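The values are calculated or read from the model by the stated rules, or taken from the named source; none is laboratory data. What you are looking at is a predicted structure, and each value in this text was computed from that prediction instead of being measured. Don't worry about glycine lacking a Cβ; one is built from the backbone with ideal geometry, like all the others, and counts go over all protein chains shown. Note: accessible area is taken over every heavy atom of the protein model, side chains too, but ligands, DNA and RNA are not part of it. Shrake-Rupley method; radii C 1.70, N 1.55, O 1.52, S 1.80 Å.
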Amino acid sequence: MKLINTFFFHIGQGIKGIFRNPIMSTASLLVLVCCMVVTGTFALIIDNINKNFEALDDVNKMIVWLDDAPEAEEGEESGESAEESKEENEYNLHEYDKKTEDAIKALEHVVDVVFMSKQEAFEEFKQSEGSDAEFLDWFDAEENNPLRASYRITFASDTDTENIRYIKKAIAEMGFNEENIDENIDLYDNLINVKGALTTIALWLLAVLFVISLFIIMNSTRLGLHSRREEIQIMRYVGATNSFVRAPFVIEGVVIGLVSAAIALGIEYYLYTQVISGVIRQYEAIVIAPFTDYLLVLSIAFAFIGVFAGLFGSVISIRKYLKV
Amino acid sequence: MIELKNVSMIYPNGNAALRNIDLTIEDNEFVFVVGQSGAGKTTLTKLLIAEERVSDGEMYINDFRMHRLRRYKIPKLRRSIGMVFQDFRLFDNKTVYENVAFAMRVVGARPSEIKKRVPHVLSLVGLAHRAKSYPDKMSGGERQRIAIARALVNNPDIIIADEPTGNIDPEMSKAIFELLMRINKMDKTIIVVTHDHNMVNYYNKRVIKIENGHIVSDTPAKAAPAPAEPEHADKEEEGAEQ
Ligand SMILES: Nc1ncnc2c1ncn2[C@@H]1O[C@H](COP(=O)(O)OP(=O)(O)O)[C@@H](O)[C@H]1O
Ligand SMILES: [Mg+2]
């Protein structure tokens, strides 16, 4: 009962405190909102990149092209001896070979290997170009097929560039020419670089804006303490505890933090659904996660930033100002 | 009981405000503290509410060992002592009622308790009819009575008044002293720092005289009026204080 009375008294005092110094309160609020919106926006963009990254098929694929067998060597291969080349080349580099497929499948992070023959490649190409495409006048699947057979390799989604390089090396060691092995390491690296850069910028902005927020809240609290120093002195003479003296200022800070969080969430919603999504949508194939996916985590993160800044900022300056 | 044993208080800048003070004040006693400006009277009141700490010696107030009192115990100590200042220290933007109620809120009293106790204390100091007024529209004597009501509202054992009539017309001062006498009869220890020798002589209570940080005389209440102070001392004090 005693605690509840005191609690409501403090809430009232804290809210009064916000309006006692509206300029400082507004400044604290604005900087905190900026801090949250900037951080939140970056987080949302980064997460959308991640989601698209996973959805992007090409990234997790590798193609090993098979060269047509040179005419001259064909006889040699089907022939009797040539033990050297047989030992060196235990994998068939020119045609489908179960052993090759199994060896690739056995590599770490590889989840699937599909062989695509010259004919299948031709069919696929034909389909993508349409049956009246010009090349059909020149080429035929059986006679003079210009396309190459290939192994299409799919990686597990947690595969990183390092793994891909390793897989490429292992396949090259099987005898395949590195030039015949296509992967998307560059794209992969680019995406990772972009993500890394965005994360770095986001963290710096978060840090800088958070420090500014703290600084403003601290000054706001100090001004409040100063303008109420006589009141505080009286409180202490009549036996107020330190926490009683502190409470309204801390509540003031926390309320500003929570109000900032609510405003930031609203702005973020608008930014995300109207602005960011609109911009991203121009790059077709990219999928945008719905805002509701982020609602809970953003609310918690914003509330956390707000409460932490409010608590920390006010407590520090009370400590510095009052030797309570 | 208040007990000081060989207490000294030296300010951080080296001012030795009190030196080797030995003093005992029993429960429910009424004590005047007199002395020239700068003698150390206010410092003594500050020690009593732990606003300043003793530099040397031992000091006890009821169960509180003041010379080694932990910070967190200070609020509890202050709730057993009511302070009254020369400059009143009231909230001018709060009504008389709110000023007194504030002291109860600070200690977490229930609203129902506050509603009962504040009017009672206000009528005790004769201000029941001014409950809704604001202090800055009231006379010095009335304002000091608000301050006394606030000091009294949490029912402390001790009331300390540091020159309570210093800013009050002499005619009004009498009422303040009368009030303090009345409160003393409610089983409260009263310590009054004052320059008002007429009142000190009139009431015939124990008088502690401080000079230069030392207690130079401690005169108990007598049946006969206390001997008058030397005349030159009177003049000096009045001149110095204004
Ligand atoms: N905060 C302080 N710091 C340093 N010296 C002080 C302080 N307060 C009072 N003094 C000095 O201590 C002495 C006693 O002061 P005080 O207790 O206020 O005297 P009184 O109340 O009897 O006039 C004086 O010499 C005064 O200058
Ligand atoms: Mg003084």
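Quick notes on this structure:
- Test result for B:V84, within 12 Å of the chain's Cα centre (by Cα), within 27 Å of B:E211 (Cβ to Cβ) and more than 13 Å from chain A (Cβ to nearest Cβ): no
- Boolean, A:V211 is crowded, with 20+ Cβ neighbours inside 10 Å, modelled with pLDDT of 85 or more and in a helix (DSSP H, G or I): no
- Any chance B:A39 is surrounded by 22 or more Cβ atoms within 10 Å (Cβ to Cβ), part of a loop (DSSP other than H, G, I, E, B) and either within 16 Å of ligand 1 (Cβ to nearest atom) or away from every other protein chain (no Cβ under 14 Å) (or both): yes
- Among helices (runs of 4 or more DSSP H) entirely within region A:219-321, having at least 3 residues that are in the same structural domain as A:N50 (by TED's automatic domain parsing), surrounded by 18 or more Cβ atoms within 10 Å (Cβ to Cβ) and out of contact with any strand residue (DSSP E or B) (no Cβ under 7 Å at 6 or more places or on another chain) singles out A:229-237, A:242-270, A:292-321.
- Residue in region B:52-65 that is farther than 12 Å from A:V238 by Cβ, of a type in the set (K, R) and either within 14 Å of another protein chain (Cβ to nearest Cβ) or assigned to a loop (DSSP other than H, G, I, E, B) (or both) present: yes
- Residue that is farthest from the other protein chains (Cβ to nearest Cβ), among those in region B:5-15 that are within 16 Å of ligand 2 (Cβ to nearest atom) and surrounded by fewer than 16 Cβ atoms within 10 Å (Cβ to Cβ): B:N15
- Any hit, region A:186-203, residues being farther than 30 Å from B:I49 by Cα, over 19 Å from the mean Cα position of the chain (by Cα) and small (G, A, S): no
- Whichever residue in region B:184-198 is crowded, with 20+ Cβ neighbours inside 10 Å and not basic (K, R) and, among such residues, is nearest to ligand 2 (Cβ to nearest atom): B:V193
- Test: residue in region B:72-80 that is away from every other protein chain (no Cβ under 13 Å) and either of a type in the set (A, V, I, L, M, F, W, C) or farther than 27 Å from B:G141 by Cα (or both): no
- Matching option when the condition is open to solvent by 30 Å² or more (accessible area, probe 1.4 Å) and in contact with a His (Cβ under 7 Å, 6 or more places away or on another chain), among A:N163, A:N190, A:N177: A:N163
- Filter pass, B:V121 being among the hydrophobic types (A, V, I, L, M, F, W, C), closer than 18 Å to B:I190 by Cβ, open to solvent by less than 70 Å² (accessible area, probe 1.4 Å) and away from ligand 2 (no atom under 16 Å from the Cβ): yes
- B:T24 open to solvent by less than 70 Å² (accessible area, probe 1.4 Å), within 16 Å of ligand 1 (Cβ to nearest atom) and either closer than 29 Å to B:V200 by Cβ or assigned to a helix (DSSP H, G or I) (or both): no
- A:I45 being farther than 22 Å from A:L206 by Cβ and in the same structural domain as A:A207 (by TED's automatic domain parsing): no
- Residue check: B:M104 meets all listed conditions (1) away from chain A (no Cβ under 12 Å); (2) within 21 Å of the chain's Cα centre (by Cα) but one, namely (1).
- Residues of region B:27-36 that are near ligand 1 (Cβ under 8 Å from one of its atoms) and open to solvent by 10 Å² or more (accessible area, probe 1.4 Å): B:Q36 alone.
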